[in-house]
Amino acid sequence: MPFDLVIDVDNTPGALALVAAAVSDAGVNLAAATCIGAGEQAELHILVPHPEAARHSLSTAHLAVSREREVVVVDVEDNPGVLADLARKIAQAGINLDLVYIATRNRVVFGAPDLNALRAVLNVSG
């Protein structure tokens, strides 16, 4: 199952390198990353298939996971309108998204309070 891990990092050069190295040292593939924060602190979201190994390796590197959650990942074609179509479908089902970002290999990551409903609408197994 894919997990979104949130690491609060100092917004400084090399912060992403530290996180990426810690995750790769654990043998975990970093499938996506997005960072939010223009101030001194930033919130880095990473998509990993194995949260336990990544969390342990991050801890060893003195980087703490502040939040962790299961997410839904959908394979998509890399074409205009694909995200719009998915978002419309989700909206028509009355599902509120609280996280979205793009991952490697043409995938979209979605987070929602009701993952089961989101999976059902997107025809994704969990």
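Quick note: the coordinates plus some simple rules give every number you see, no bench work behind them. Owing to the predicted nature of the structure, the values given are computational and were not obtained by experimental measurement. Cβ coordinates were reconstructed from backbone atoms using ideal geometry, including for glycine residues, and neighbour counts include every protein chain displayed.
From the phi angles alone, apply the Karplus equation (6.51, -1.76, 1.60; θ = phi - 60°) to region 18-33 and give each ³J(HN,Hα) in whole Hz, x where the residue is Gly or Pro.
These are the phi-based 3J(HN,Hα) values: 4, 5, 4, 5, 4, 5, 5, 4, 7, x, 9, 6, 8, 8, 6, 7 Hz.
What does the net charge come to around Val100 if you take all other residues with beta carbon closer than 12 Å to its beta carbon, with K and R at +1 and D and E at -1? Walk me through the numbers on the way to the answer.
Values: positive: Arg107; negative: Asp4, Asp98.
Spelling it out: positives minus negatives among the neighbours equals -1.
With θ set to phi - 60° and the Karplus curve 6.51 cos²θ - 1.76 cosθ + 1.60, what are the ³J(HN,Hα) couplings of region 111-126 in order, to the nearest whole Hz, using x for Gly and Pro?
x, 7, x, 10, 5, 5, 5, 4, 4, 4, 5, 8, 6, 10, 7, x
Quick one: putting +1 on the C-beta of Lys and Arg, -1 on the C-beta of Asp and Glu, what dipole do you get for the chain around its Cα centre, in Debye to the nearest 20?
Dipole of the chain, to the nearest 20 debye: 300 debye.
What is the Cα radius of gyration of region 80-126 over 2.2 N^0.38 Å, N being its residue count?
So region 80-126 has a normalised radius of gyration of 1.08.
Name the residue, out of Glu40, Glu70, Glu52, whose mean-square fluctuation peaks in a Gaussian network model built on the chain with Cα pairs under 10 Å.
Among Glu40, Glu70, Glu52, the largest GNM mean-square fluctuation belongs to Glu40.
With Cβ to Cβ distances under 15 Å as the rule, what net charge do the other residues near Ala26 carry (K, R +1; D, E -1)?
-2
Taking every pair of alpha-carbon atoms in region 33-73, give the share separated by more than 17 Å as a whole percent.
35 percent
For the chain, what does the relative contact order come out to in percent, with C-alpha contacts under 8 Å and a separation of six or more?
Numbers: 215 pairs, mean separation 33.7, N = 126.
Here the relative contact order equals 27 percent.
Give me the net charge of Ala54's neighbourhood, meaning all other residues with Cβ under 12 Å from the Cβ of Ala54; Lys, Arg count +1, Asp, Glu -1.
That works out to -3.
P(r) of the chain in 5 Å steps, Cα pairs, percent per bin?
2, 11, 21, 21, 18, 13, 10, 4, 1
Using the number of other C-beta atoms within 10 angstrom as an exposure proxy, rank Phe110, Phe3 with the fewest first.
On the way: Phe110 24, Phe3 18.
Placing the least packed residue first, the sequence is Phe3, Phe110.
Taking H as built 1.01 Å from N, whose amide H comes closer than 5 Å to the amide H of Ala112, not counting residues under 5 places away?
Close amide H contacts, sequence-distant or interchain: Asp98.
Listing Arg107, Arg55 from the residue with the fewest other Cβ atoms within 10 Å to the one with the most, what is the order?
Arg107, Arg55
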